[in-house]
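What follows is a single structure, written as structure tokens, with notes after it.
The values are calculated or read from the model by the stated rules, or taken from the named source; none is laboratory data. Everything numeric in this text was worked out from a predicted model, so none of it was measured. Note: ideal-geometry Cβ built from the backbone for every residue, glycine included; neighbour counts use all protein chains shown. To get the accessible areas, we keep the full protein, side chains included, count just its heavy atoms, and leave off ligands, DNA and RNA. Shrake-Rupley method; radii C 1.70, N 1.55, O 1.52, S 1.80 Å.
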Amino acid sequence: MERILCISTYEKGQDLLRTCAESGVRTTLLTVDKLRNANWPREALEDLATMPENLTSEQILNTVSWMARGRRFDRVVALDEFDLEIAAEIREHWRLPGMGVTTTAFYRDKLAMRTGARDQGFPVPEFCRVLNNDELRAYMAEVPAPWLLKPRTSASALGIRKIHDSEQLWRTLDELGDRQSHFVLEQFVPGEIFHVDAIVSEGKVVFSAAHQYGRPPMQVMHEGGVFTTRTVDRGSKDWKELTAFNAALAPAFGLGHGVTHAEYIKAHADGKFYFLEIAARVGGAFISDLVEASTSVNLWREWARLEVAQLRGERYVLPAVTENYAGSVLCLSHTAEPDTSAFDAPEIVHRMKKHHHAGLIVRSDGAQRVAELLEEYSARFAQMFLATMPAPEKPTA
């Protein structure tokens, strides 16, 4: 009997867990104590195990190795960005197939992925590791401000600081102290930000969908506002260039099979695309629902099918893909259970249910209709629901 150990310190991935069970694979979920009673599909699990938060890697290795005495696990899957490293350590410790620690870093560590992209000839904004003061001085002398100081291993736009001059950088690094080497300094490139969500099988991208953010995620995270993203026009130059860029880059760092969420920026200065970051996981902020609305592909289910196919030595076959256009509008709400019933366009296909969040997904056979709805709805969301709060230091979902 095949078994998969899934690890997630956040509540997500229910469709993956269900699909594993439907495929006849016995699945154990390891999560944190506070999520013991979360909305997990318990009928799909052989076991649900929990652990305290903030355990060391050694403590988690000891925990799962004790669990493995009674169950033989064939694969380890991390459902969330923040569990990728420990999953890689477990694979190496148990000598299981899948990404090890070094490969995982290219899909987790912003310095590693930028270095890897640059070394392979992909365009990236100019960057510098935060390690040697002479390197930083030379970088600032050559690359004009402003710059972005980014945590190397945080997800989304968490912890990013905009730096306007060298004095601000030195003060910030003094504040960070010994933590400063865990950051990377990057040129601030004004432009439009896109995300490409993909499926990789046998080292090749077999599916991808390109979408464009309304306001940059960093701006929404730090200044508040309504988050939107929508499908790029499939007949456009942007779609073609992004699809080709991502097809070359997503597997280039060593991912043989899995799902990826990558972000690119189209610079205002030259109109070219530059690589920003990539993760070997399903995108957050309801992006999986958006991708399913526009393509009929559920990334969580397909990730499970990929893992099962690899486990059984079978060839993964992509399901039928549709070519609709979809967009999402989402914001933090000042009411606990916001009522979106006043939004009644027939294109609405999903209403998000999350505490203190208002959100909708719309779908149409035309890109322009989606753009019109998002423009209208984002303005109305700002009037009816929008609440703001300081950007969290740690992710909340």
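The condition (being closer than 21 Å to V282 by Cα, open to solvent by less than 80 Å² (accessible area, probe 1.4 Å) and not in a loop (DSSP other than H, G, I, E, B)) is satisfied by just one residue among V329, V370, V297, V321: V329. Kindly indicate whether V220 is at pLDDT below 95, outside any loop (DSSP other than H, G, I, E, B) and open to solvent by less than 50 Å² (accessible area, probe 1.4 Å). Judged against the criteria, V220 is a match. Can we say Y274 is open to solvent by 20 Å² or more (accessible area, probe 1.4 Å), in a strand (DSSP E or B) and not charged (D, E, K, R)? For Y274, the condition - open to solvent by 20 Å² or more (accessible area, probe 1.4 Å), in a strand (DSSP E or B) and not charged (D, E, K, R) - is met. The residues of segment 35-64 that are part of a loop (DSSP other than H, G, I, E, B), touching an Asp or Glu at 6+ places or on another chain (Cβ under 9 Å) and either open to solvent by less than 20 Å² (accessible area, probe 1.4 Å) or among the hydrophobic types (A, V, I, L, M, F, W, C) (or both), listed by number, are A38, W40, P41. For segment 127-143, the condition holds for no residue, the condition being that it is in contact (Cβ under 8 Å) with a residue 12 or more places away in the chain, surrounded by fewer than 21 Cβ atoms within 10 Å (Cβ to Cβ) and within 26 Å of V32 (Cα to Cα).
Would you call D74 modelled with pLDDT under 95 and either open to solvent by 10 Å² or more (accessible area, probe 1.4 Å) or under 27 Å from A247 (Cα atoms) (or both)? No. Checking R114 against (1) in a loop (DSSP other than H, G, I, E, B); (2) in contact (Cβ under 8 Å) with a residue 12 or more places away in the chain; (3) closer than 30 Å to K150 by Cα, which single condition isn't satisfied? With (1) in a loop (DSSP other than H, G, I, E, B); (2) in contact (Cβ under 8 Å) with a residue 12 or more places away in the chain; (3) closer than 30 Å to K150 by Cα applied to R114, the lone miss is (1). May I ask you to list the residues in segment 225-241 that are within 16 Å of A326 (Cβ to Cβ) and assigned to a helix (DSSP H, G or I)? The one that is within 16 Å of A326 (Cβ to Cβ) and assigned to a helix (DSSP H, G or I): W239.
Considering segment 20-29, and only residues there that are crowded, with 22+ Cβ neighbours inside 10 Å and not aliphatic (A, V, I, L, M), the residue that is farthest from F82 (Cα to Cα) turns out to be C20. For the criterion of being in contact with a Lys or Arg (Cβ under 8 Å, 6 or more places away or on another chain) and in contact (Cβ under 8 Å) with a residue 40 or more places away in the chain, F245 fails. Listed conditions (1) of a type in the set (D, E, K, R); (2) open to solvent by less than 40 Å² (accessible area, probe 1.4 Å); (3) outside any loop (DSSP other than H, G, I, E, B) are all met by D289, apart from (2). Here V124 fulfils each of the conditions (1) hydrophobic (A, V, I, L, M, F, W, C); (2) touching a Gly at 6+ places or on another chain (Cβ under 6 Å); (3) not in a strand (DSSP E or B) apart from (2). Name the residue, out of D15, D83, that is in a helix (DSSP H, G or I), under 21 Å from W300 (Cα atoms), open to solvent by 40 Å² or more (accessible area, probe 1.4 Å) and among the charged types (D, E, K, R). Answer to the check: D15.
Take the conditions (1) open to solvent by less than 20 Å² (accessible area, probe 1.4 Å); (2) of a type outside the set (S, T, N, Q); (3) at pLDDT 95 or above; (4) closer than 16 Å to I4 by Cα; V32 misses just one of them, which is (4).
Taking the condition modelled with pLDDT of 95 or more, of a type in the set (A, V, I, L, M) and open to solvent by 50 Å² or more (accessible area, probe 1.4 Å), does A112 pass? Considered against the rule, which asks whether it is modelled with pLDDT of 95 or more, of a type in the set (A, V, I, L, M) and open to solvent by 50 Å² or more (accessible area, probe 1.4 Å), A112 comes out as no.
Only one entry in T63, T56 is more than 25 Å from R305 (Cα to Cα) and either free of Cβ contacts under 8 Å to residues at least 12 places away in the same chain or in contact with a Phe, Trp or Tyr (Cβ under 6 Å, 6 or more places away or on another chain) (or both), namely T56. Selection over segment 95-108 of residues that are open to solvent by less than 20 Å² (accessible area, probe 1.4 Å), assigned to a loop (DSSP other than H, G, I, E, B) and either touching a residue at least 60 places away in the same chain (Cβ under 8 Å) or under 17 Å from H261 (Cβ atoms) (or both) gives a count of 2.
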